[in-house]
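Just so it is clear, none of the values below were taken in a lab; they were calculated from the coordinates. None of these values were measured; they are calculated from a predicted model. As a convention, Cβ positions derive from the backbone with ideal geometry for all residues, glycine included, and neighbour counts pool all protein chains shown.
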Amino acid sequence: MPEVLVVRPTPRGGRARLDPSVREAREVVGMYGDPATTWGICVELTLSASADAETLRERAAALCAGHPHLGAAPAVTRPADSQWTGVRADVAAAPYGPTSALLRLALSSDGTRLLVGAHHGVVDGLGLLAVAGSVAGRELRTRARGIGDRRSPHGFLASSVRRLGEAVVSPPARFEGAGERDSALEDLTAVTRPRVDRGTVDLARAVLALHHDAFSGSRRRPVLVIGASRRTSDLPVPDRQTAYLRLRARPGGAGRTPLGPAIAGLRPEPDFPETSARGAAPLVVRLLRNRLGSTAMLSNLGLVQGDGVESVAMYPASSGPRSVAVGLASTATTTTVSLRTRRHEFDADEHARLLAGVADRFFG
């Protein structure tokens, strides 16, 4: 499989020195969730006409030069068709080294499929869409609307105490899988169908219904973490304006919770300090890892509009035990539901059944 990352060797006698952009990206996510995640996110575009790898590289270099927080300009990987699935996982999930590029690009052999990955500390999902549009030479707009300046009802410390209390007393329900012990692989696949006019509420309903149908005896409350944005424009920019909504549903599936009003009324989680608290925060999270997190993480890019883009698949960051990350994106003609899981938690067959279960309930 071709190399996606170029990691400089560690100087003899010490650890590699962090590039400033890498340090900043790590600090942004230093207090979040799962200390084992690489914090990679990925978007895959299917194009109606072939793109040129050298032109993509030049555009990416210009973008990084204009936005220093994006780090060093990435190379463009050109895998064989048989390697595309593995390269998709690498672009999304391979670890970021001390001097790694924070953007990643891969182009299919025929030039019609483009993978764009990034560290979540430098862009959010819509920011990644802006990167993809800039690199592909297409102005990508989205009908997804952010939450503006809506604030959390609680500060970071008070909210953290609440979350730790929930983790100890009432951890969220999980999807269950056998997995493949000690595997470091991730699975990222998608289902694309003719466009349907459905969104986050429908995706949440499908995920909750699948969990209820598979684990109807569970007494734990499902928890969905829903990615949001503070953007107000339909033309994203390559930065990070992330917010998170957290829905604790009643046991018993989507039918027990009026999802539309419930999601519309959610207030965002408080912004985390951009620090790892000198390593203390990841240590606490690691100790409680099996009780933190969520049932599933959802990310919806909305209706993406751009010339020559046939389909878009969004792969959110995975975080927490038995992480199930579900993406949604539409174009003028297609709607794509995507799934990301870790192989040591869900084997390939379990992953396929989860994706089919969500897609059948979402499109059905």
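Laid out as a table, the results:
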| read-out | value |
| --- | --- |
| Stokes-Einstein D in µm²/s, Kirkwood radius over Cα pairs - region 41-102 at 25 °C with 0.890 mPa s viscosity | 186 |
| Dimensionless Rg ratio for region 13-125, taking C-alpha atoms and the 2.2 N^0.38 Å reference | 1.09 |
| Counting DSSP beta bridges with both ends in region 41-140, the antiparallel % (nearest 5) | 85 |
| Extension gain (nm, one decimal) between residue 85 and residue 27, 0.36 nm per residue minus Cα-Cα | 17.9 nm |
| Computed over region 76-128: relative contact order in percent, which uses C-alpha pairs under 8 Å that are six or more apart | 36 |
| Where labels lie 7 Å past Cα in the beta-carbon direction, separation of residue 246 and residue 139 in nm | 3.9 |
| Residues in region 300-331 reached by a label modelled at residue 234 [backbone nitrogen below 11 Å; 7 Å Cα→Cβ] | 303-306 |
| Label-point separation, residue 54 to residue 360 (7 Å along Cα→Cβ), nm | 5.0 |
| Nitroxide proxy distance, nm - points 7 Å out along Cα→Cβ at residue 184 and residue 264 | 4.7 |
| Using a Förster distance of 25 Å, the FRET efficiency for residue 65-residue 332 (Cβ separation, nearest 0.05) | 0.20 |
